[in-house]
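The values are calculated or read from the model by the stated rules, or taken from the named source; none is laboratory data. This one's a predicted model, so the numbers in the text were calculated from it and none came from an experiment. Using ideal geometry, Cβ is built from the backbone for each residue, glycine included, and neighbour counts are taken over all protein chains shown.
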Amino acid sequence: MTSRRIAARYAEALFGIAGERGAVDALRVELGELVKVVQSSPELTGLLERPDIGAERKLQVVQAALSSRFSEAIMSLVAALVRHRRGDHIPEVAAAFDEMADDAAGVVRAEATTAVPLTDDQRRRLVSVLDRITGRKVALEERVDPEILAGMMVRVGDRLVDGSAAGRLRRLREELIGMEGSKR
């Protein structure tokens, strides 16, 4: 089973609990904080990844380090992950939980990559168009990449629309190479 599927199962269990308690947003924030704490501590990350340390010993150290900062629900998740030797899956579980929370709220994430930052007006228009196209509320993440030269690339889920100048030049080049090859 892939780590993504494993993480999704843990996230689903936590999401069910969060839904029952009306705490989806609060646990989402806590999971984000947990990921930051784990990723900012090489010692903690290393401990979670080490197969030669027993689960109960790991759990003692992790609980001593984190229990005062996180809720019982989050610490129960961490305990389950550590006991099943999946402590290093915390970031994947948080990402899967985020996806479930977005889905439940009718939100879809989109990423726009542009050569220069979008203006407020461009951002509003893009979000409005994406809202209409997807039929859902769009949470837009922006990236600036000067290598696309001009235009924009937009990814919504697994769909990519490449309207960048670099993309157009690449497609033109491929078309010309194809034409050259067909004349031989």
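Going by what's in this entry, would GLU175 be described as surrounded by fewer than 12 Cβ atoms within 10 Å (Cβ to Cβ) and over 30 Å from ALA11 (Cβ atoms)?
On the way: surrounded by fewer than 12 Cβ atoms within 10 Å (Cβ to Cβ): yes; over 30 Å from ALA11 (Cβ atoms): yes.
Yes: the conditions hold for GLU175.
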Count of segment 6-39 residues which are under 15 Å from PHE70 (Cβ atoms) and outside any helix (DSSP H, G or I): 1
Count of segment 113-165 residues which are surrounded by fewer than 12 Cβ atoms within 10 Å (Cβ to Cβ) and closer than 18 Å to GLU99 by Cβ: 5
Checking SER76 against (1) over 25 Å from GLY157 (Cα atoms); (2) in contact (Cβ under 8 Å) with a residue 24 or more places away in the chain, the condition it does not meet: (2)
Candidates VAL24, VAL29 - the one that is surrounded by 15 or more Cβ atoms within 10 Å (Cβ to Cβ) and hydrophobic (A, V, I, L, M, F, W, C): VAL24
Within segment 1-19, considering residues that are over 19 Å from the mean Cα position of the chain (by Cα) and exposed (fewer than 12 other Cβ atoms within 10 Å of the Cβ), the one modelled with the lowest pLDDT: MET1
Any hit, segment 91-99, residues being at pLDDT 85 or above, in contact with a Pro (Cβ under 8 Å, 6 or more places away or on another chain), in the same structural domain as PHE70 (by TED's automatic domain parsing) and surrounded by 12 or more Cβ atoms within 10 Å (Cβ to Cβ): no
Residue count for segment 63-87, restricted to those that are of a type in the set (Lys, Arg) and farther than 21 Å from ALA8 by Cβ: 1
Verdict on GLY22 being in the same structural domain as ARG86 (by TED's automatic domain parsing) and either among the basic types (Lys, Arg) or at positive phi (or both): yes
Checklist (1) modelled with pLDDT under 85; (2) outside the structural domain of GLY157 (by TED's automatic domain parsing) applied to THR134, failing item: (2)
Matching entry among ASP103, ASP120, ASP131, ASP158 (being within 29 Å of GLY32 (Cα to Cα) and more than 23 Å from the chain's Cα centre (by Cα)): ASP120
Subset tally (residues that are at pLDDT 90 or above, among the small types (Gly, Ala, Ser) and within 17 Å of LEU81 (Cα to Cα)) for segment 20-49: 1
Total residues in segment 107-150, condition among the polar types (S, T, N, Q) and touching a residue at least 24 places away in the same chain (Cβ under 8 Å): 3
